[in-house]
Amino acid sequence: MAVVFMTDESLVKALKNGEDLAFEALIDKYGDKLLRLCYLIIKDLPEAEDVVQEVFVQSYKSIRGFKENSSIYTWLYKIALNKCRTRLKKEKEYSPFDESVEVENDDDIEYEALWNIERKRIKDIVFSLPTVYREVIVLYYYEEFSLREICSILDENENTVKSKLHRGRNKIKQKVIEEGLAYEGR
């Protein structure tokens, strides 16, 4: 079987057997996804690249201890998120969104300016959330993980994750309404 087409199960087996091609396949399969996650969380590309490298080094060293209770994808994300948290504790900064904005109606400069101002303000509102809510918001809305996957990544039960997601949404909604970016019925 070609390395590129390995299932996660066969990839884990090959990794545990110490096959170098399997580790390359792991990097090819999940490297870009992990880089995106790390960049969305720490907002510094060189730092994100360093974190991803650390994730793969740790996964290489720890693969034999991987119990396969979750997917390797979820396991890698969990390692990445923990490493990002460690970096953020050192820097005290958390900025998980890209500044670039694509506007459908780019002929209308006024519309684009207002859209950019509104989007930046909403982003600032998300950044102002406590970290526990930001993490869940990023994982759910930007990384599109399911609740079950988020539970596994954060080592929390489903009700806790749902509660954090609900509270995070409510905090965003409340602040958006307070700032006049939306109305109660919108």
Item checked: Count of residues meeting criterion [crowded, with 20+ Cβ neighbours inside 10 Å, modelled with pLDDT of 90 or more and within 15 Å of Lys83 (Cβ to Cβ)] in segment 1-42 -> 2
Notebook entry, point to check: Considering only segment 128-182, how many residues are touching a residue at least 12 places away in the same chain (Cβ under 8 Å), of a type in the set (S, T, N, Q) and assigned to a helix (DSSP H, G or I)?
Noted result: 2
Item checked: Residue that is farthest from the chain's Cα centre (by Cα) [pool: residues in segment 42-81 that are over 26 Å from Thr131 (Cα atoms) and among the basic types (Lys, Arg)] -> Arg64
Note to self: Go through segment 132-150 and report how many residues are within 12 Å of the chain's Cα centre (by Cα) and either closer than 19 Å to Leu88 by Cβ or of a type in the set (Phe, Trp, Tyr) (or both).
What the structure shows: 12
Margin query: Show the residue pairs meeting these rules: Cβ distance below 7 Å; 6+ apart or different chains; first residue within segment 52-65 and under 18 Å from Cys84 (Cα atoms); second residue charged (D, E, K, R).
Written below: Glu54/Lys83; Val55/Lys83
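If I ask for residues that are among the β-branched types (Val, Ile, Thr) and touching a residue at least 40 places away in the same chain (Cβ under 8 Å), which ones from segment 18-41 would you list?
Pass one, segment 18-41, residues among the β-branched types (Val, Ile, Thr): 27, 41.
Answer for segment 18-41, where residues must be among the β-branched types (Val, Ile, Thr) and touching a residue at least 40 places away in the same chain (Cβ under 8 Å): just Ile41.
The values are calculated or read from the model by the stated rules, or taken from the named source; none is laboratory data. Worth saying up front: this structure is predicted, and the values here are computed from it rather than measured. Note that we place each Cβ from the backbone using ideal geometry, even for glycine, and neighbour counts take in every protein chain shown.
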